Amino acid sequence: MRDQTITQPPSGSEARALEYIIALIYERCRIQLHLGKQQLIRSRLGKRMRHHGMQSLAEYCRFLQERADEEEFTHVVDALTTNYTNFLREEDHFRFMVEKALPAVLPPGRRSFRVWSAACATGEEPYSIAFYLAEHFPLAQGWDWRILATDISTRALAAAGAGVYPLDRATGVPHDWLKRYCQRGVGEFEGQFRIKPAIAERVAFQQVNLLGQYSFSNPFDLIFCRNVMIYFDRPTQEQLVNSLARCLVSGGCLLVGHSESLNGLSVPFRCDRPSIYRKN
Ligand SMILES: C[S@@+](CC[C@H](N)C(=O)[O-])C[C@H]1O[C@@H](n2cnc3c(N)ncnc32)[C@H](O)[C@@H]1O
């Protein structure tokens, strides 16, 4: 008997539809999906197809090509970008931030600084930064820090801005931090927690396509850009890292994901330790 889970090769029009979606995602996000991901592409776009009452990917692609508006393309990007993240993910980076990166870059007497969480997904990364900063640079002692958190996905940003998570997402966050910086939900929010306003208001969310044009009024003192470069090809990574460098102070650190590296890229950074780079 045939195993129902084995992926069937796509028919002619379905194959063309897949190629179109793959090219679209590459053009918009420089994320290289492969034909082998056809099952994932189909299931992630299934909701949009059902929403429009469409039966096949080919029909949905014709709709995209002929009459869809920009909002529909946002849904496609949202559906196909991977938003996996977690609180205190790759935690050594947060310790490095408070113990080494920020003390090295802040001149004596300066008590305000800004951190950018680029590709922040659903917000766990910028809120983890905020927990660490609140512990080590207390606002009550006159520190004034802000975090800009950006992503291409409007769906992820909406979740991030709400700052409400299921309780099981907090595994690994120290109990006393949860008490200090989060609130347990009651009533309709039973089983969830939210980030307390005093912390949440330090984080601003904004949609930024890292491969587009962006500039900020002042350079950041530290940039997290983790677990997103891995989706891009090397020339795109080089372009991205050079753009990030323009948004960072001299001597500032760029933190990339543990499985990412700037090795071999022509960029103005030197490696401090794996996944941690300092701008020349
Ligand atoms: C795997 S998550 C990483 C989240 C977080 N930085 C972490 O390490 O846990 C990757 C994020 O990159 C975002 N992303 C993908 N392409 C992007 C682009 N071109 N510009 C900005 N964000 C992008 C996705 O929407 C997703 O939220």
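Under 5 Å between amide hydrogens, built in the peptide plane, is the criterion, and for L88 it picks out S128 among residues at least 5 positions away or on other chains.
Here the simple spin-label model places points 7 Å from the Cα toward Cβ, and for F216 and S266 these points are separated by 2.7 nm. With both partners inside region 92-279, how many of the DSSP beta bridges are antiparallel, as a percent to the nearest 5? If we restrict to bridges inside region 92-279, about 40 percent are antiparallel. Highest GNM mean-square fluctuation among S259, S11, S243, for the chain modelled with Cα contacts below 10 Å: S11.
If you run the Gaussian network model on the chain, springs between alpha carbon atoms under 10 Å, then out of A156, A140, A15 the most flexible one is A140. Based on Cα contacts under 8 Å between residues 6+ apart, the chain shows a relative contact order of 17 percent. Between the C-alpha center of region 221-268 and that of region 57-102 there is a gap of 17 Å.
Judged by the gyration tensor of its Cα atoms, with axes a ≥ b ≥ c, region 113-201 is oblate; a/c meets the 1.5 cut and b/c is at least as large as a/b.
Applying the Karplus relation 6.51 cos²θ - 1.76 cosθ + 1.60 with θ = phi - 60° to region 210-218 yields 3J(HN,Hα) values of 4, 9, x, 9, 8, 8, 10, 4, 10 Hz, where x marks Gly and Pro. For region 120-158, the residues whose backbone nitrogen is under 19 Å from a point 7 Å from the Cα of A198, taken along Cα to Cβ, are 127-147.
In a fully extended conformation the segment linking R169 and N83 would gain 29.5 nm over its present Cα-Cα distance, using 0.36 nm per residue.
For the chain, the dipole from Cβ point charges (+1 on Lys and Arg, -1 on Asp and Glu) about the Cα centre works out to 380 debye, to the nearest 20.
Among N86, N227, N218, which one shows the highest mean-square fluctuation when the chain is modelled as a Gaussian network with alpha-carbon springs under 10 Å? Comparing N86, N227, N218 in a Gaussian network model of the chain, the most mobile one is N218.
Multiplying the sequence separation of S243 and S56 by 0.36 nm and subtracting their Cα-Cα distance, what value in nm do you get?
Values: separation 187, 0.36 × 187 = 67.32 nm, distance 3.91 nm.
My answer for the length gained is 63.4 nm.
Applied to region 157-170, the Karplus parametrisation 6.51 cos²θ - 1.76 cosθ + 1.60 on θ = phi - 60° returns per-residue 3J(HN,Hα) values of 5, 5, 5, 4, x, 5, x, 10, 9, x, 4, 5, 6, 8 Hz, with x for Gly and Pro. With neighbour counts taken as other beta-carbon atoms within 10 Å, the residues L254, L24 rank, fewest first, as L24, L254.
In order along region 248-256, the Karplus-derived 3J(HN,Hα) couplings, from 6.51 cos²θ - 1.76 cosθ + 1.60 at θ = phi - 60°, round to 10, 5, 4, x, x, 9, 10, 9, 10 Hz, and Gly and Pro are given as x. When H75, H34 are sorted by how many other C-beta atoms sit within 10 angstrom of their C-beta, beginning with the fewest, the order is H34, H75. In the neighborhood of G172, defined by Cβ-to-Cβ distances under 13 Å, what is the net charge if each Lys or Arg adds +1 and each Asp or Glu adds -1? Neighbour charge sum, excluding G172 itself: -2. The packing ranking of peptides 262-268, 116-122, highest mean first, is 116-122, 262-268, where packing means the average number of other beta carbon atoms within 10 angstrom of each residue. Considering only beta bridges that DSSP places wholly inside region 68-197, some 45 percent are antiparallel. As a length-normalised measure over Cα pairs under 8 Å and 6 or more apart, the relative contact order of region 12-80 settles at 38 percent.
For region 12-80, the square roots of the Cα gyration tensor eigenvalues, ordered a ≥ b ≥ c, give a/c below 1.5, which places it in the rounded category. Approximating the spin labels as points 7 Å out from Cα along Cα→Cβ, the S112-to-K179 distance works out to 3.3 nm.
No lab work stands behind these numbers, since they all come straight from the coordinates. This one's a predicted model, so the numbers in the text were calculated from it and none came from an experiment. No Cβ is skipped: glycine too gets one built from the backbone with ideal geometry, and neighbour counts run over all protein chains shown.
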